[in-house]
Each structure stands twice: as structure tokens, then as C-alpha cells.
Amino acid sequence: LMPVSGYKNQEIIDEEYKSKFSHKNEVAKPGYYSVYLDKWQIKAELTSGRRVGMHRYQYRPNAEQQIIIDLRHRDKLLASSITQEGKSILKGRRRSKAWASDQDLYYYIVFSKPIKEVKSFDNNRAIITFETKGDDQLLAKIGISSVSETNAKLNLDAEVKAFKFDAILESSKEAWNDYLSKIEVTTDNQEERKTFYTALYHTAISPNVYSDVNGEYRGMDGIVHKAIGYERYSVFSLWDTYRALHPLFTIIEQKRTIDFIKSFLSIYNEAGKLPIWELWGNETNCMIGYHSVPVIVDAYVKGIKEFDTTAALEAMISSSNRKEYGIDLLEKYGGLPAEKEHESVSKTLEYAYDDWCIARFAELLGRTDVSDRYIKRAQFYKNVFDPQSGFMRPKLNGRWLTPFNPTEVNFHFIEANSWQYSFYVPQDVQTHISMLGGDEKYSSKLDEQFNASNKTTGRTQVDITGLIGQYAHGNEPSHHAAYLYNFAGKPWKTQETVRKIMKTLYSNAPDGLCGNDDCGQMSAWYVLSAAGFYPVTPGTTDYILGSPIFRKVIFHLENGKSFTIVAQNCDEKNL
């Protein structure tokens, strides 16, 4: 929706309805956004509920009040409709194709004033003019659904009874405050407090509720299903979020974690595999691995078990045996040869970790036949380890790829180079230390990574950011590396390095992140690290200690109990 006034053109032109604005006239808070549109002299305010939005537009006195609906905006449109119902309602559909190949969204909008005129263009754009009657304010309450206009109305009716913008805003503020209050920090450093709660805020932006108030949702198969006894969620960026975001949720969001896992299993039933990167009922197949697995296993080992474990194991086994992305070649070759599969090193390493998680889960369920098979697969990482160089290295036709430069970004790795993947053995760190020659050589190799030149070679990869040497905090493969010194008996190096990352690569500013937040993973790293620990190996109950930046951190748990971390003599010098 775009509020305009006195729009006389007989067609909708992008450049004509746009408006300049100043950041000085912009306000953003949890649950609220407002901006003053200079061209149209309109103040726009937005707030939201769980499945609804509410808009409030303040026009200048006696101005013509109009709204442009533009369903063509953004991605490729497959189908659309704009239909007027009664005097003040618009409803319709927007089906589009982009990252999600078939994103089907239905809407139901109720305005606070009668509609005077609707000029529609090709059923995907419209200019709506309202009867003003001396009132300079226009409100719109909006419900959305993946199922139908009827369900969009159901969602709206369930959450918004009247045009009380401030009441919805207050409810949204309360919901955000409830979430942000789950972790309480004590500090005299207000900038660090702001950075922390900004990060915690980011961790709640996704996953998103996908099912409607009646439980219905459009599944991966395009069919309408019903979530019974749970809420179906969407937006699972699992290559990123299995590392820290979901482990954080196992502490502060246990009830929703059950819903996430039940969502995974429903996705498996509809699509034939666990989600890789699911978006609005579509599998984007973005990134690698089958990282739903560690999310499920991590929850299970931490006592979150209220889901069908037999079905979960079946889904894991099936998803790890598909004929795609080199998965079917693993057992034949003991890993992935570079001539058979691109990103062969990264995939070999990540599949090995996921397979270790399956082995662990199967063992806990008493399925030794499954655990025996997958613990062997979990060892395949050894077959891309070059003992001479100490790096994880591509193998081409049975030989190490030559020439080889660990700083080179190429298609044997995903969004990374060999430096950033050579420490990715979270399931078997102690063996990897032995392979590198013991604690001293292992920690020296880590030193070399953090102290190297931060120049990469090979192709340009915009995701490799936040570089400290060849450690790239702006992307996920590096995220556990600072904590690995602990495994080699040098915890003080972990403490120094983690503090350096927190201090130099995070802030409470527009550029306060050194890379893509990736649905909260970058922020979850900070939340956990600021509290003083990190889960290097999701799927275990181990938390690896770092260096807390706050005197006291209290986790307020859903069972009514609290977990408190006290860091005595905590300051910037005493790490």
C-alpha cells in the first residue's frame, strides 16, 4: 500500500507515486514503524499482530485521501486479484515467483472509511479514493493467509475487532517486551546493553507463523493442510540457524521449538524431505546439508522430546539418502570427489556432521543398526583432509587438486575458502586435533588463521566479510572457530578472540553487523557469546565457555525457573 493525495494520472507509474523521505522523520521500534512522506505530506504508521497488520495514515487537512495498491511491485507476478466487497473492503490474491518459486498470498483489507472510487489496472494495481468527511486520518486493518481470502478474514477477525491502532500497537509492544525480557543483563555500559537487545530482537524476526487461526496452511505440495496441536512455521534458514539460533531457542523458546520440529515433519510428509531452506511453503534448496537434523537432535538431547521420534528418524534417514546434491555418492566414494559434485569439500564436511547427528539420535532411540551405518559416514571428513598441508582440500580424480591456495575462493567450497572450512569438524574436534599433530600444532594453526592477511584470492564472494585474518565472521562456516582453542587447552585465546569479535564486529548502529544476519544467526552468536558460552556441537549438551561481557545475565525460562551467570571482576581488561 502507498498513500498518495491528488493522484490524477490515468495510470500508475512507479516513479510518480514514490516519495522522498528523511531519516529524521522516521521512527522504528519493536512492533512499530512510521515515516513522513515528503511528496504527499502524509505521515504513515504501521504496527502488527501475529497474522495481521494495521496502518494509520495522517493526511493534511482537507486533502484528497487515496491509496495505491501495487501487487506488481517486487518479484514476478503469476496471478493477482483486487476485488471490492461492500463499501470499505478490498480482498484478493498475490501469487508470485522468485526465491520461493510459487508464493501464494491472500489478503483481506478493511478501511476505516467508505471507498468512493476504485480504478483498477490489469487486476494487479489500483488507485482507491476515499470519502473524507472532514476526518484527516485513514486506517487499514489487514489479514493475510496462504490459503484463501476467507482465511485472511478469519485471521483479521480473530486479532483485530476495531480500528484501535494504539491498542494493537500496545499488544505488539507487550509481545516484544515479553520476548526481550527472557534474558536480563546487568551492565553499566549502555551501548553494550543496546547492542545486546538489538541482537536479541533480531533473533525473533524469524521463523514466522505460517498456519492460520483455524490451523490451515498451504503445504509444500500446494494442498491445504491443517496443523493440529501445533502452529506451522515458515522461513527456515537452516544452514545458518542450526549453529546458534536454534540452540538459543532450546533455552528460551522450548514450546516454539516443538512447533518448529513438528513443522519440519509436516514439510517432510508433504515434500518427501526435511527442509533445507523453506520459504512460505516452498523449498528453495538454498545452501547445503540437511541441517534440520541437528536442530531436531539438539532439541532432543536437551530434553525437548514432545514429538514423534520414530517419524523424525525416518525423515532423517530418507533425507540423507536422496539422489541429489551428491548425497547418493557419499558411501560409494567415502565423500565427494570434485569431478562428481561442485562444493565437494563443504558438502563432504557438512554431510559428515549431519550424519553424526543421525547416528547419535539413532543410538539414543536404540537403533544401533542405523547408528552403526551413520557413524561410519560421519568419518568421511577425513577423506578431504590433506595431512601434508593440514587443510581440507578438494580431490580431483583421486588426487589432491593442484595448485592449491587455501585463500582461494572457488566452487569447491560454498561461500568460503579452505581456511574457513578447514576447522569444520564439530562432531570430532579431538580427532581433528590429533590429525593436525596435537594441541600445540592445532592452536598454532588457529593462530595462523586469525593472524593471516585478510585478502582472499579467486572469485569474488560478497558473503565473505568481517575478516580477522582468514576468519570470516560475516558468514557462518567460521562461527565456531574462536571457541576451538578451548579444545586444545588454550581457553584464554578463545576469551581474547571472542571479545575481539564482539567489540569490533558488533555495534548498535545501522552498520552494526559485519555480514548478513541470516535470519538471526549472526545475532544469536552475539547473544550467546555475550552471555559467555557457545554450542560448538549442536547435538551434544556441551556449551563451550568464552568470556561474558556482562556482570550478570539471567535467563528467565518458560518453566518459571531462572538460570543466572555471574561474571566477577568482569571488564574489558580482565577477559
Exercise. Within segment 141-155, is even one residue surrounded by fewer than 20 Cβ atoms within 10 Å (Cβ to Cβ), over 27 Å from Arg60 (Cβ atoms) and of a type in the set (Gly, Ala, Ser)?
Worked result: yes
For this session: Look through segment 20-38, keep the residues that are over 26 Å from Ala199 (Cβ atoms) and either touching a residue at least 24 places away in the same chain (Cβ under 8 Å) or touching a strand residue (DSSP E or B) at 6+ places or on another chain (Cβ under 6 Å) (or both), and return whichever of them is surrounded by the most Cβ atoms within 10 Å (Cβ to Cβ).
Result: Leu37
For this session: With the condition kept exactly as written, say whether any residue in segment 272-279 is of a type in the set (Gly, Ala, Ser) and either in a helix (DSSP H, G or I) or surrounded by 18 or more Cβ atoms within 10 Å (Cβ to Cβ) (or both).
Result: no
Problem set entry | Among the candidates Arg51, Arg56, residue that is of a type in the set (Lys, Arg), over 20 Å from Tyr210 (Cα atoms) and buried (at least 18 other Cβ atoms within 10 Å of the Cβ) | Arg56
Exercise. Of all residues in segment 531-575 being more than 26 Å from Ala299 (Cα to Cα) and of a type in the set (A, V, I, L, M, F, W, C), which is surrounded by the most Cβ atoms within 10 Å (Cβ to Cβ)?
Worked result: Ile549
Exercise. Would a scan of segment 259-270 turn up a residue that is more than 28 Å from Val536 (Cα to Cα) and either among the acidic types (Asp, Glu) or not in a helix (DSSP H, G or I) (or both)?
Worked result: yes
Exercise. Just for segment 212-229: of the residues that are part of a loop (DSSP other than H, G, I, E, B) and without any contact (Cβ under 8 Å) to a residue 60 or more places away in the chain, which one is surrounded by the most Cβ atoms within 10 Å (Cβ to Cβ)?
Worked result: Ala227
For this session: Looking only at segment 1-16, decide whether some residue is hydrophobic (A, V, I, L, M, F, W, C), touching a helix residue (DSSP H, G or I) at 6+ places or on another chain (Cβ under 7 Å), touching a residue at least 60 places away in the same chain (Cβ under 8 Å) and not in a loop (DSSP other than H, G, I, E, B).
Result: yes
For this session: Would you mind telling me which numbered condition in (1) within 21 Å of Glu476 (Cβ to Cβ); (2) not in a loop (DSSP other than H, G, I, E, B) Thr431 fails?
Result: (1)
Exercise. Does Ile317 meet the test of being surrounded by 19 or more Cβ atoms within 10 Å (Cβ to Cβ), touching a residue at least 24 places away in the same chain (Cβ under 8 Å), assigned to a helix (DSSP H, G or I) and on the phi < 0 side of the Ramachandran plot?
Worked result: no
Problem set entry | Residue satisfying all of: in segment 161-190; hydrophobic (A, V, I, L, M, F, W, C), open to solvent by less than 70 Å² (accessible area, probe 1.4 Å) and not in a helix (DSSP H, G or I); nearest to Lys113 (Cα to Cα) among these | Ala162
Exercise. Applying the selection to segment 230-258, what residues are in a helix (DSSP H, G or I), free of Cβ contacts under 8 Å to residues at least 60 places away in the same chain and among the polar types (S, T, N, Q)?
Worked result: Thr250, Thr257
Problem set entry | Residue among Lys340, Lys347 that alone is under 25 Å from Val409 (Cα atoms), assigned to a helix (DSSP H, G or I) and in contact with a Gly (Cβ under 9 Å, 6 or more places away or on another chain) | Lys347
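The values are calculated or read from the model by the stated rules, or taken from the named source; none is laboratory data. Quantities reported herein were computed from a predicted structural model and do not represent experimental measurements. Cβ sites come from the backbone with ideal geometry, for glycine too, and all protein chains shown count toward neighbours. The area values use the complete protein model at the heavy-atom level, side chains included, leaving out ligands, DNA and RNA. Shrake-Rupley method; radii C 1.70, N 1.55, O 1.52, S 1.80 Å.
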